[in-house]
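Presented below is the structure to which this report refers.
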Amino acid sequence: MFIAVFDIGGTSIKYGVLNEEGTILMDKAFPAEAHLGGEVLIQNVIAKSKELQQEWALAGIAISSAGQIDNKTGVVVHATDNIPGYTGVRIKQRVEEATGLSVTVENDVNCTALGEYWKGAATDAENFLCITIGTGIGGAIFTDGRLYVGARFSAGEIGHINLYPDGKPCTCGDHGCLEQYASSSALQEMIKETFGYTINLREFFDRLRTGDPKGMAVYNKWIDNLTTGLKSIVHTLNPELIVIGGGISAQGDFLLDPIKESLSEKIMPNYQVNLDVRIAQHANQANLLGAAKHFIDQKGG
Ligand SMILES: [Zn+2]
């Protein structure tokens, strides 16, 4: 069985073909052109789906997407202005009508969690939290081996945990949210505020590895922000595992070790007993895997 998979983000649209064992047979990407809006984006996905349909005997199409997604009807419940006009787009219906194939759609961070649960860092966990750190901070919650999506498919928006009530304005309309202080973009802002100029994150981490004290102070403050947010979630959900994804997770133990250390100082002892923190294993491909897993689960294998 071949499944076409898409991962719709604000910057690029990754796509590929998987089999039911989760082997990625091919994967590529094209620019999302998100500024052109949700309608252009969905037309691009449909055009690429038709191309794949010519080359592969597809059983269906599995889509991972930015935004809050009704994972049954495949409708975008809410999307930010990163993709104008994306809210309300009936992804599943549109792609099904255009291709005649069955289509499933799930939120991208939920797909990261599903992908890591199926084939990655969380294969041995039933109660875990997956967070993705990038421009913002996304979250997905697994309880008893199942994704928890909430009453309106919007659970796990941990980027909007409040850290500083009178803090920086946030995209959600409130102030002082975690993602304004602990995302990759927030780290970049803190670096600029401290050094007076921009340093890209790869160069910044190179500096830290050579022992830059000024940089280290910025990094420690950023870690402290992140673990203050994580502390609230650990005490709410009592997870056995936190999986960390997003571009910054490429830093591996250099990210993981200070998070573990800082978090263990903040949470009550009982919560530490069965708590592990790991880096996501599949980086860019977790969402493709997770979308396929969602498809297989919905279509009964
Ligand atoms: Zn917010």
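The values are calculated or read from the model by the stated rules, or taken from the named source; none is laboratory data. Because the structure is predicted, anything quoted here is derived from the model rather than measured. All Cβ positions, glycine included, derive from the backbone under ideal geometry; neighbour counts span all protein chains shown.
Worth pointing out:
- In the stretch 182-212, of all residues being hydroxyl-bearing (Ser, Thr, Tyr), part of a helix (DSSP H, G or I) and closer than 16 Å to Gly246 by Cα, the one that is nearest to the ligand (Cβ to nearest atom) corresponds to Ser185.
- Condition check for Gly67: farther than 28 Å from Gly150 by Cβ and crowded, with 20+ Cβ neighbours inside 10 Å: no
- Of the numbered criteria (1) modelled with pLDDT of 95 or more; (2) more than 23 Å from Cys130 (Cβ to Cβ); (3) not charged (D, E, K, R), the one Pro239 fails is (2).
- Of all the residues in the stretch 3-14, those that are in a strand (DSSP E or B) and either over 21 Å from Val109 (Cβ atoms) or in contact (Cβ under 8 Å) with a residue 40 or more places away in the chain (or both) number 7.
- Residue ID - farthest from the chain's Cα centre (by Cα), chosen from residues in the stretch 137-181 that are over 20 Å from Phe205 (Cα atoms), of a type in the set (Ser, Thr, Tyr) and not in a strand (DSSP E or B): Tyr164
- Filter result (among the hydroxyl-bearing types (Ser, Thr, Tyr) and either under 21 Å from the mean Cα position of the chain (by Cα) or surrounded by fewer than 16 Cβ atoms within 10 Å (Cβ to Cβ) (or both)) within the stretch 246-301: Ser249, Ser264
- Candidates Gly134, Gly115, filtered to the one that is in the same structural domain as Glu189 (by TED's automatic domain parsing) and surrounded by 15 or more Cβ atoms within 10 Å (Cβ to Cβ): Gly134
- Residues being part of a helix (DSSP H, G or I) and buried (at least 24 other Cβ atoms within 10 Å of the Cβ) - total across the stretch 119-131: 0
- Residue that is modelled with the lowest pLDDT [pool: residues in the stretch 136-153 that are more than 19 Å from Lys293 (Cα to Cα) and within 13 Å of the ligand (Cβ to nearest atom)]: Gly136
- Candidate set: the stretch 70-89, residues that are touching an Asp or Glu at 6+ places or on another chain (Cβ under 9 Å) and surrounded by fewer than 24 Cβ atoms within 10 Å (Cβ to Cβ); chosen: the one nearest to Gly290 (Cα to Cα): Asn71
- Residue within the stretch 212-221 that is surrounded by 14 or more Cβ atoms within 10 Å (Cβ to Cβ) and touching a residue at least 40 places away in the same chain (Cβ under 8 Å) present: no
- Matching entry among Thr236, Thr198 (being surrounded by fewer than 13 Cβ atoms within 10 Å (Cβ to Cβ) and either among the aliphatic types (A, V, I, L, M) or under 29 Å from Asp124 (Cβ atoms) (or both)): Thr236
- Check on Ala125, under 16 Å from the mean Cα position of the chain (by Cα) and over 22 Å from Lys48 (Cα atoms): no
- Residue list for the stretch 104-163, filter: among the aromatic types (Phe, Trp, Tyr) and farther than 12 Å from Val243 by Cβ: Trp118, Tyr148, Phe153
- Scope the stretch 164-179; condition more than 7 Å from the ligand (Cβ to nearest atom) and within 11 Å of Ile137 (Cβ to Cβ); matching residues: Leu178
Each row is one residue, and each column tells you yes or no for (1) over 19 Å from the mean Cα position of the chain (by Cα); (2) farther than 20 Å from Ile248 by Cα; (3) not assigned by TED's automatic domain parsing to the domain that holds Gly136.
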| site | (1), (2), (3) |
| --- | --- |
| Glu189 | yes, no, no |
| Glu203 | yes, no, no |
| Leu208 | yes, no, no |
| Thr227 | no, no, no |
| Leu230 | no, no, no |
| Val234 | no, yes, no |
